[in-house]
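S.K.: Sharing a structure, written as structure tokens. Questions coming.
The values are calculated or read from the model by the stated rules, or taken from the named source; none is laboratory data. No experiment lies behind these values; they were computed from the predicted model shown. Here the Cβ positions follow ideal geometry from the backbone for every residue, glycine too, while neighbour counts run over all protein chains shown.
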Amino acid sequence: EPEVTQTPSHQVTQMGQEVILRCVPISNHLYFYWYRQILGQKVEFLVSFYNNEISEKSEIFDDQFSVERPDGSNFTLKIRSTKLEDSAMYFCASSAQGIGNTIYFGEGSWLTVV
Amino acid sequence: GESVGLHLPTLSVQEGDNSIINCAYSNSASDYFIWYKQESGKGPQFIIDIRSNMDKRQGQRVTVLLNKTVKHLSLQIAATQPGDSAVYFCAESIHNQGGKLIFGQGTELSVKP
């Protein structure tokens with residue numbers, strides 16, 4: 001079964017450093033998403049991306065965050081200057097079409113900011 | 001404001017019993033609902049979805065019920081197995097909001113063999 005893959009599975013970074021989390025969405029999908037889950041809390045929406053632009057973003061997704069689709073397969077989340085409170089599991093997801101179509105999640109990238 | 005760290009509701013069932021997990025959603029404008037299963041250290045796994053023009057949908061061993069009047073969603077798992085043990089999240093969305101899912105707090109299902 002096709003799946004969303006994410007790298008790295010775990011990254012530890014110093015506060016203030018830049019981090020890039022990488023995702024390979026399911027190949028024929030057109031909509032891409034990033035969500036995060038702080039330990040013990042709900043999964044929270046960060047951003048959705050379609051046709052090379054952001055469709056929707058949450059208030060969490062401030063100027064420190066950016067997304068990019070650098071080529072035909074990868075979808076990245078960049079955090080420019082990490083803060084302690086950015087420590088979380090970051091999930092990439094994709095869907096064939098927009099809402100109303102199944103959104104498939106990757107296994108997540110666990111980010112620890114120290 | 002939100003509390004730091006959730007104390008998840010827990011449902012404990014005996015293997016073979018049926019499980020019912022409930023969820024209250026927040027937005028009466030939501031028109032698409034999904035149940036996800038999340039095992040420890042893994043990403044949410046799609047179980048079943050339902051649109052707002054339906055009140056019931058069945059899958060393999062699972063049924064989702066939607067009551068729009070009281071903004072309530074439930075997931076029924078038939079003949080629960082130890083492999084069903086996980087945290088179950090409901091999620092809601094509105095079709096014109098770019099794929100933004102709003103997740104509920106989750107229920108931890110524990111299946112005793």
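S.K.: Residue under question is B:Ile47, and the condition is that it be closer than 17 Å to A:Tyr104 by Cα and at pLDDT 95 or above; does it hold?
M.R.: Judged against the criteria, B:Ile47 is a match.
S.K.: Here is a follow-up. Go through the residues of the range A:75-87 one by one and say whether even a single one is of a type in the set (Gly, Ala, Ser) and surrounded by fewer than 20 Cβ atoms within 10 Å (Cβ to Cβ).
M.R.: Taking every residue of the range A:75-87 in turn, at least one turns out to be of a type in the set (Gly, Ala, Ser) and surrounded by fewer than 20 Cβ atoms within 10 Å (Cβ to Cβ).
S.K.: Name the single residue that is farthest from the other protein chains (Cβ to nearest Cβ) among those in the range A:20-41 being under 15 Å from A:Cys92 (Cα atoms), surrounded by fewer than 19 Cβ atoms within 10 Å (Cβ to Cβ) and touching a Leu at 6+ places or on another chain (Cβ under 9 Å).
M.R.: Only one residue fits best here, namely A:Ile20.
S.K.: Something else: Go through the range B:72-111 and give me each residue that's in a loop (DSSP other than H, G, I, E, B) and at pLDDT 90 or above.
M.R.: B:Ala78, B:Ala79, B:Thr80, B:Gln81, B:Ser85, B:Leu101, B:Gly104, B:Gly106
S.K.: Name the strands (runs of 3 or more DSSP E) wholly within the range A:1-83 that hold at least 3 residues that are without any contact (Cβ under 8 Å) to a residue 40 or more places away in the chain?
M.R.: Answer list for the range A:1-83: A:43-50, A:53-57, A:65-68.
S.K.: Restricting attention to the range B:76-113, report how many residues are in contact (Cβ under 8 Å) with a residue 12 or more places away in the chain and either within 14 Å of chain A (Cβ to nearest Cβ) or within 15 Å of A:Tyr35 (Cα to Cα) (or both).
M.R.: The total comes to 18.
Residue-by-condition table, conditions (1) small (Gly, Ala, Ser); (2) closer than 30 Å to B:Asn53 by Cβ:
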site	(1), (2)
A:Ile20	no, no
A:Asn28	no, yes
A:Tyr35	no, yes
A:Ser48	yes, yes
A:Ile54	no, yes
A:Arg80	no, no
A:Glu85	no, no
A:Gly108	yes, no
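S.K.: Hey, can you tell me all the residues within the range B:98-113 that are touching an Asp or Glu at 6+ places or on another chain (Cβ under 6 Å), closer than 18 Å to A:Ile103 by Cα and not β-branched (Val, Ile, Thr)?
M.R.: Correct list: B:Gly98, B:Lys100.
S.K.: Is there a residue being modelled with pLDDT under 95, hydroxyl-bearing (Ser, Thr, Tyr) and farther than 16 Å from A:Leu111 by Cβ anywhere in the range A:5-21?
M.R.: So far as the range A:5-21 goes, no, none of its residues is modelled with pLDDT under 95, hydroxyl-bearing (Ser, Thr, Tyr) and farther than 16 Å from A:Leu111 by Cβ.
S.K.: How many of the residues making up the range A:32-51 are more than 23 Å from A:Asp71 (Cα to Cα) and of a type in the set (S, T, N, Q)?
M.R.: 2
S.K.: Let me ask you something else. Kindly list the number of the only condition in (1) more than 18 Å from A:Ser66 (Cα to Cα); (2) among the acidic types (Asp, Glu); (3) away from every other protein chain (no Cβ under 14 Å) that fails for A:Glu1.
M.R.: Result: A:Glu1 passes all but (3).
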